[in-house]
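Inspection log for the structure reproduced underneath, given as structure tokens.
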Amino acid sequence: MAYALQQLINGLTLGMIYGLIAVGYTMVYGIIGMINFAHGDIFMVGAFLSLISLTGLAALGITSVPLALAVTLLFAAGIAALYGWTVERIAYRPLRGSFRLAPLISAIGMSIVLQNFVQVSQGARVKPVAPLIEGNIPLYAGTDFTAQLSAMQIAIVITTLLVLGVFTWLVTRTPLGRAMRACEQDLKMAGLLGIDTDHTISLTFVIGAALAAVAGLLFLLYYGVIDFYIGFIAGVKAFTAAVLGGIGSLPGAVLGGLAIGLIETFWSAYFTVEYKDVAAFSILVVVLIFMPSGLLGRADVEKV
Amino acid sequence: MPARAGVAVALRDAFLSALVALGLFGAMIGLKTDVGPSSLVLTPRPWAVAIAVGAVFAGRLALLVWRAWRPAGAPSPRRLAAAGHQAGRYLAPLLLTFALTLPAYGGRYWLDLGILVLTYVMLGWGLTIVVGLAGLLDLGYVAFYAVGAYSYALLAQTFGLGFWTCLPLAGLLAACWGVMLGFPVLRLRGDYLAIVTLAFGEIIRIVLLNWVSLTNGPNGISSIPRPTLFGLTFSMEGGPGSVADFFGVEPDISQRVIFLYYVILGLALLTNWVSLRLRRLPLGRAWEALREDEVACRALGINVTTTKLTAFAIGACFGGFAGAFFATRQAFISPESFTFMESATVLAIVVLGGLGSQLGVALAALVMIGGAELFRDFAEYRMLVFGAALVAMMILRPRGLVSGRTPSVALGTAQEISADLVAQGRG
Amino acid sequence: MAEPLLEVRDLSMRFGGLTAVDTLCFDARAGEITAVIGPNGAGKTTVFNCITGFYRPTTGSIALPAAGGVRLALERMPGHRIARQARVARTFQNIRLFAGMTVLENLLVAQHNRLMPSVANGLLAVFGLGGHARAERAAIERARFWLDAVGLTARADDPAGALPYGAQRRLEIVRAMCISPVLLCLDEPAAGLNPRESDELSALLRRIRDGAGGEPGCSILLIEHDMGVVMRISDHIVVLDHGRKISDGSPAEVRADPAVIAAYLGEDETTESAA
């Protein structure tokens, strides 16, 4: 019982990180209808930027953990946002309105570029970092296992909820959010009504990238080690989460992320670790067979 | 625009680009993290940043200058297409002749490269059936490549069967997998189909990696038997029953290499012939109609399910053949060779070639694999350049090298249809 | 009166809370042109989609008497079997041609089931087996017949997407005819056509109904807003409004029906004078 509770906590925490990445996927897909293959690698870039920032701040002698984290969050999110903007400008905007497969190949190319860029500039070895947020709260004592909630996990949940809260306010209450939703409904019409669609699309990428960077920071702190390949795996899983929740639906992306996190954690705990990814992908296949638009997605009714 | 104002605008643009580059590269290139004695340390590299930013500034400026001052009046697209079509008629036989005669003047290195390129050409032609003709976006083609390779390896190991016996079996098994993978995705469209096929490819790789009792896991399967020439082996000892003995020559490794080269050439040409035949037959036409408009196909009585499944199955079959060849050429396979990168590379070859064009795919494979080979000396930067090349190719020629479609049947003369009219499929 | 070819009984289609079609009953008779008319949103295309298998009706039955005394239940058949087995063909409101294929290829795709009766046959054809060459020659001849019927022979090798609008409409109709249907369902075939083209369309539809050049006659079910065409060629008209049938009879009867005039024809005086 305690063991299951622990898996639940772990799964939800992991799911939050996936959810943050998934939101970026779903936003971009909703607005321009393409899978941003490079999005997972922006997450990886965000993790590396966080690593650089934390190491640099430590070298400068800053010992206050909250301060270091706050600075790192802003730094990583800001620079990653710049990466997101650049990727969109270089690889996607010239191909907008073009035929469907070209942006996909371009995105795959960009993903390869990002991975190898980080590998070349930062070296191919894994990068470990000392745990910054320590401490556990025992929650439920079972017979030989005590479920614990770590301070790190609390930090992840709080940060994610805060960030998603700000993001939701942005999307539902601000003019920018309205513009984004309008573009998502009908890009051409939105343009005709005077919305600067290029600008809105760029901002979508920027915001998605910032969220992914936050996820990267959280991932770095939670797991303590990163390498240049984490983007691909996390990216595929986060996209699976976005599709599972129903692509185009923001709450769906978060829900999908939590689902994938839970599936992965429970499968590793009760079955085998090696096949945890297989479990997540298989769930995706099964869901899509019976619910082709995902859990919360809009059914794509074909007009005949 | 007066030259002075133009220069000022260009300089400002280049400066802004350099600023963005500074943001991008400043931390990532400028501060390298290294594993130090107790924790990570940062190594500042200001010169690297300066060079990178400078390169961006110069590059952007050059691009703007070239765009402003290049001669106006590019040749009209239709004349270019017609010229391209003419060239295409001579290019295909030329390439074929070149491929057939390569062993006569190419050394070991070129033969090996030729074998590699031809393997990807065959994979490209196989995937063209699924993506190019039927319009089904398959991001997990490597799964069939893996099934073919492992089928042959395991059949050879368990039952002692030879290459030529296992080749059709590998294709058949891969085709079965094609049908099995096709069933769940029948109702999926576009990017959903893409992600599920990608997931399938990853599932197969993970299973191959972890089902150690069957596949030997990450250690792979070795000592895979080589193909024989009508029962004659290419063994180096040159004893009875070997090619060297039969022809009365000294055993030499180049004999086997040349044989392997012709095997893959033959397999690739088989793929090509079958694809061209099918295009002219009702099945191929149904695939292309499916790509154009699935709803209309159903309204005309075409069983869309069967049509999609045959596309998956036949495409998978050729992938399986290629996989079996890969296993026999390397004599060793492991799950490392069957990653998503392979699927992405083959898809890139198909897209760069121009959907459905046989010649285009061959050219694209030549350019991409040959190009990657040229960069082999650059080690770390090779993949970086590869990725950048993918982006550049798509921006410059989103419709591929050979865009445009030739009709499979005509009352009068068949004229090429421009790529703008041809759909790329939603399913 | 002619034999009923299509019997629609108590057909209802509900989308969540919206009832698009409400207990509709009508017959389309063999050898006749039956028109389904009504204001926009009356549910006409929904009825078509139910008949041709694109929607599964909520309740009701759609029966088609087939060869050998069998009655086919269209409401439960998958879409492609309705075309193949029941021989019901259709065109679409927004033209759905294979734009990247030539006119001739479009017509050959329509004859797919005749050219490739089974997957095995299709694969054997790669090796030249299965009598494919002869079947293809026959298919091209049939295609040529229909191209001649609509004057598109000269454009047989042009991409379908490059044809002018009127030609595309004609092509879509003859493509549907290439599956040798017993019932042809046309969704607004006269939309966007000028008066001369409408006349040509009317002549074509009459020719299809009566059969020509060895081709047997084919019954027609059509949705149309152009009252000139409807009144000129229909043998039988069914009028829908808000998903319900409000009139059913010959053109003269329908034109005089006060319910119809109130719902539909009354507002539109210009087309009434053209009839």
Given the residues B:178, B:135, B:114, B:124, which is the only one that is over 22 Å from residue B:216 (Cα atoms), in the same structural domain as residue B:213 (by TED's automatic domain parsing) and either in a loop (DSSP other than H, G, I, E, B) or in contact with a strand residue (DSSP E or B) (Cβ under 8 Å, 6 or more places away or on another chain) (or both)? B:135
Against the conditions (1) within 30 Å of residue B:358 (Cα to Cα); (2) surrounded by 16 or more Cβ atoms within 10 Å (Cβ to Cβ), where does residue B:276 fall short? Just the number, please. (2)
Whichever residue in the range B:13-67 is touching an Asp or Glu at 6+ places or on another chain (Cβ under 9 Å) and surrounded by 13 or more Cβ atoms within 10 Å (Cβ to Cβ) and, among such residues, is farthest from the other protein chains (Cβ to nearest Cβ): B:61
Across the range C:242-263, what is the number of residues that are surrounded by 15 or more Cβ atoms within 10 Å (Cβ to Cβ) and within 15 Å of residue C:227 (Cβ to Cβ)? 8
Would you confirm, using the coordinates I've provided, whether residue C:115 is in contact (Cβ under 8 Å) with a residue 60 or more places away in the chain, within 8 Å of another protein chain (Cβ to nearest Cβ) and buried (at least 18 other Cβ atoms within 10 Å of the Cβ)? no
For a quick check of your reading: which helices (runs of 4 or more DSSP H) sit entirely within the range A:103-211 and have at least 2 residues that are in contact (Cβ under 8 Å) with a residue 40 or more places away in the chain? A:151-173, A:175-185
Taking the range B:273-290 and keeping residues within 8 Å of another protein chain (Cβ to nearest Cβ) and under 17 Å from residue C:101 (Cβ atoms) leaves B:278, B:281, B:282, B:283, B:285, B:286, B:288, B:289
Tally of residues being within 31 Å of the chain's Cα centre (by Cα) and facing another protein chain (nearest Cβ under 7 Å) across the range B:297-307: 4
Quick test of your reading of the structure: residue B:201 fulfils all but one of (1) assigned to a helix (DSSP H, G or I); (2) away from chain A (no Cβ under 14 Å). Name the failing condition by number. (2)
With the checklist (1) at the interface with chain B (Cβ under 9 Å from one of its Cβ atoms); (2) crowded, with 18+ Cβ neighbours inside 10 Å; (3) of a type outside the set (Phe, Trp, Tyr); (4) free of Cβ contacts under 8 Å to residues at least 24 places away in the same chain in hand, flag the one item residue A:34 doesn't pass. (4)
May I ask you to verify whether residue C:105 is of a type in the set (Asp, Glu) and facing another protein chain (nearest Cβ under 8 Å)? yes
Spans of helices (runs of 4 or more DSSP H) in the range C:160-253 with at least 1 residues within 14 Å of chain B (Cβ to nearest Cβ) and in contact with an Asp or Glu (Cβ under 6 Å, 6 or more places away or on another chain): none
Sole residue being surrounded by 20 or more Cβ atoms within 10 Å (Cβ to Cβ) and either within 13 Å of chain A (Cβ to nearest Cβ) or not basic (Lys, Arg) (or both), chosen from B:386, B:378: B:386
Taking residue A:213 as the residue in question, decide whether it is modelled with pLDDT under 90 and of a type in the set (A, V, I, L, M, F, W, C). no
Odd one out for residue B:155, checked against (1) free of Cβ contacts under 8 Å to residues at least 60 places away in the same chain; (2) among the hydrophobic types (A, V, I, L, M, F, W, C); (3) surrounded by fewer than 17 Cβ atoms within 10 Å (Cβ to Cβ); (4) in contact with a Leu (Cβ under 7 Å, 6 or more places away or on another chain): (3)
Just one of C:73, C:86 is under 16 Å from the mean Cα position of the chain (by Cα) and at pLDDT below 90; which is it? C:86
Quick one: which helices (runs of 4 or more DSSP H) sit completely within the range B:319-427 and have at least 2 residues that are in the same structural domain as residue B:129 (by TED's automatic domain parsing) and under 30 Å from residue C:106 (Cβ atoms)? B:340-353, B:358-374
Name the residue that is surrounded by the fewest Cβ atoms within 10 Å (Cβ to Cβ), counting only residues in the range B:186-195 that are assigned to a helix (DSSP H, G or I) and either more than 8 Å from chain A (Cβ to nearest Cβ) or in contact (Cβ under 8 Å) with a residue 24 or more places away in the chain (or both). B:190
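The values are calculated or read from the model by the stated rules, or taken from the named source; none is laboratory data. Note that the structure is a prediction, hence the values are computed from the model and not measured. Note: ideal-geometry Cβ built from the backbone for every residue, glycine included; neighbour counts use all protein chains shown.
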